[in-house]
Amino acid sequence: MERRIRVLVVDDSAYVRKIVKEMLSRVPALEVVGTARDGEDALTMVRELAPDVVTCDLIMPEVDGVEFIRRQFAIRPVPVVVVSIAADSSERVLAALDAGAIDFVQKPTALATERIFDMAD
């Protein structure tokens, strides 16, 4: 069996962490190795878990997504896919991409509905 891609999910919403973990876990090639509630937590978890890729929200308390990306890339670059309600042309998304994020997936604003599963593909 080939080695699975190790993923860390970062979002301040416990509901979104659960749903994103559930969606990614359906893909046989992916293994969700952990979840983090903010950028500070994510920095620790990246160091401890050594994921191959990180999904990261942008709008979080304490250390937001952009600051997490900047700090992480100063330590050890790791591919980051931004998953956020921010529009793809927003300043935050552009700042995240400029800081090193490799892609952006927009999550629906109505998080408590089935629409969140629309981003699975």
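Listed values, structure above:
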| item | result |
| --- | --- |
| Filtered residues of the range 48-107 (kept if of a type in the set (K, R) and out of contact with any strand residue (DSSP E or B) (no Cβ under 8 Å at 6 or more places or on another chain)) | R70, R71, R76 |
| Members of the range 7-39 that are within 16 Å of V82 (Cβ to Cβ), assigned to a helix (DSSP H, G or I) and not aliphatic (A, V, I, L, M) | R17, G39 |
| Output for the range 6-15, where each listed residue is of a type outside the set (S, T, N, Q), open to solvent by 20 Å² or more (accessible area, probe 1.4 Å) and within 13 Å of C56 (Cβ to Cβ) | D12 |
| First in the range 45-60 and in contact (Cβ under 8 Å) with a residue 60 or more places away in the chain, second anywhere and surrounded by fewer than 24 Cβ atoms within 10 Å (Cβ to Cβ), Cβ under 7 Å, 6 or more apart | none |
| Looking only at the range 16-56, and only at residues there that are β-branched (V, I, T), touching a helix residue (DSSP H, G or I) at 6+ places or on another chain (Cβ under 8 Å) and at pLDDT 95 or above, the one that is surrounded by the fewest Cβ atoms within 10 Å (Cβ to Cβ) | V33 |
| Test set (1) open to solvent by less than 20 Å² (accessible area, probe 1.4 Å); (2) over 11 Å from the mean Cα position of the chain (by Cα) - R70 fails condition number | (1) |
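The values are calculated or read from the model by the stated rules, or taken from the named source; none is laboratory data. Quick caveat, the model's predicted, so the values are computed rather than measured. Don't worry about glycine lacking a Cβ; one is built from the backbone with ideal geometry, like all the others, and counts go over all protein chains shown. Please note that ligands, DNA and RNA were not included when accessible areas were found on the heavy atoms of the full protein model with its side chains. Shrake-Rupley method; radii C 1.70, N 1.55, O 1.52, S 1.80 Å.
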